[in-house]
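The values are calculated or read from the model by the stated rules, or taken from the named source; none is laboratory data. A quick note: this is a predicted structure, and the numbers were derived from the prediction, not measured. Ideal geometry is used to build each Cβ from the backbone, glycine not excepted, and the neighbour counts take in all protein chains shown.
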Amino acid sequence: MFGKGKIEIGLQKTHYAPGDTISGVVTLSLKKPVKAREASIALIGEQITTQTRMGVSGGQTSMRTEQQRTRVYDFKQQLDGEKEYNPGQEYSFEMKIPADILSVSPQAQQAEGKLGEAMKVAQTAAALTGRLPSRRIKWYLLAKLDVPRGLDVSRKVDVTIG
């Protein structure tokens, strides 16, 4: 173990449907007590847009794939407040997934607005090359011990919602 230790997320399953409740346990595997602002767990959704671009340079045709990540969902739940955290502490949590989570969220609409012009250009290029950008949302839980003036202790666990 490097640093202050690690944090673990224990789940019964990793596949959920909209409206389900994610429940689990966050365990602090610390080397020694650590002063921190808070312990938290968050459900985060990132829209990943992948686009393949074709280019011609010096008579050579090349293809380049680009990815852009936009956070479309971020719900954080505080597990405990500012204090000294001890090794082995456990926190149970439950987090209800909104029934409409897979519909376009306000954050996604805002991100679309920012990407609007770029997407128009990309769609024009895609029409010329026959390649459309692909989009998917990656979901994960992020447990974090927020350590002031130091490296946070955190852990990500991928989940599937659908």
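Could you say whether any residue in the range 53-67 is out of contact with any Pro (no Cβ under 7 Å at 6 or more places or on another chain), part of a strand (DSSP E or B) and closer than 30 Å to Ala99 by Cα? Within the range 53-67, one or more residues are out of contact with any Pro (no Cβ under 7 Å at 6 or more places or on another chain), part of a strand (DSSP E or B) and closer than 30 Å to Ala99 by Cα.
Against the definition (part of a strand (DSSP E or B), touching a helix residue (DSSP H, G or I) at 6+ places or on another chain (Cβ under 6 Å) and within 27 Å of Lys13 (Cβ to Cβ)), how does Val72 come out, yes or no?
Details: part of a strand (DSSP E or B): yes; touching a helix residue (DSSP H, G or I) at 6+ places or on another chain (Cβ under 6 Å): yes; within 27 Å of Lys13 (Cβ to Cβ): yes.
It is true that Val72 is part of a strand (DSSP E or B), touching a helix residue (DSSP H, G or I) at 6+ places or on another chain (Cβ under 6 Å) and within 27 Å of Lys13 (Cβ to Cβ).
When Glu8 is tested against the conditions (1) of a type in the set (D, E, K, R); (2) over 26 Å from Ser103 (Cβ atoms); (3) touching an Asp or Glu at 6+ places or on another chain (Cβ under 7 Å), the lone failure is (3).
Sort out which residues of the range 32-67 are more than 28 Å from Thr21 (Cα to Cα) and touching a residue at least 40 places away in the same chain (Cβ under 8 Å), and write them in order of number. Selection gives Lys32, Pro33, Val34, Lys35, Thr50, Gln51, Thr52, Arg53, Met54. Just checking, does the range 10-25 include any residue being in a strand (DSSP E or B), more than 17 Å from the chain's Cα centre (by Cα) and basic (Lys, Arg)? Among the residues of the range 10-25, not one is in a strand (DSSP E or B), more than 17 Å from the chain's Cα centre (by Cα) and basic (Lys, Arg), which makes the answer no.
Among the conditions (1) surrounded by 10 or more Cβ atoms within 10 Å (Cβ to Cβ); (2) at pLDDT below 90; (3) closer than 18 Å to Gly45 by Cα, Ser103 misses just one, which is (1).
If you go through the range 1-47 and keep only what is aliphatic (A, V, I, L, M), closer than 20 Å to Arg136 by Cβ and surrounded by fewer than 14 Cβ atoms within 10 Å (Cβ to Cβ), you end up with just Ala17. Among the residues of the range 53-68, not a single one is of a type in the set (D, E, K, R), surrounded by 14 or more Cβ atoms within 10 Å (Cβ to Cβ) and within 21 Å of Lys156 (Cβ to Cβ). For the range 77-93, filtering for residues that are touching a Lys or Arg at 6+ places or on another chain (Cβ under 9 Å) and either in a strand (DSSP E or B) or of a type in the set (A, V, I, L, M, F, W, C) (or both) leaves 3.
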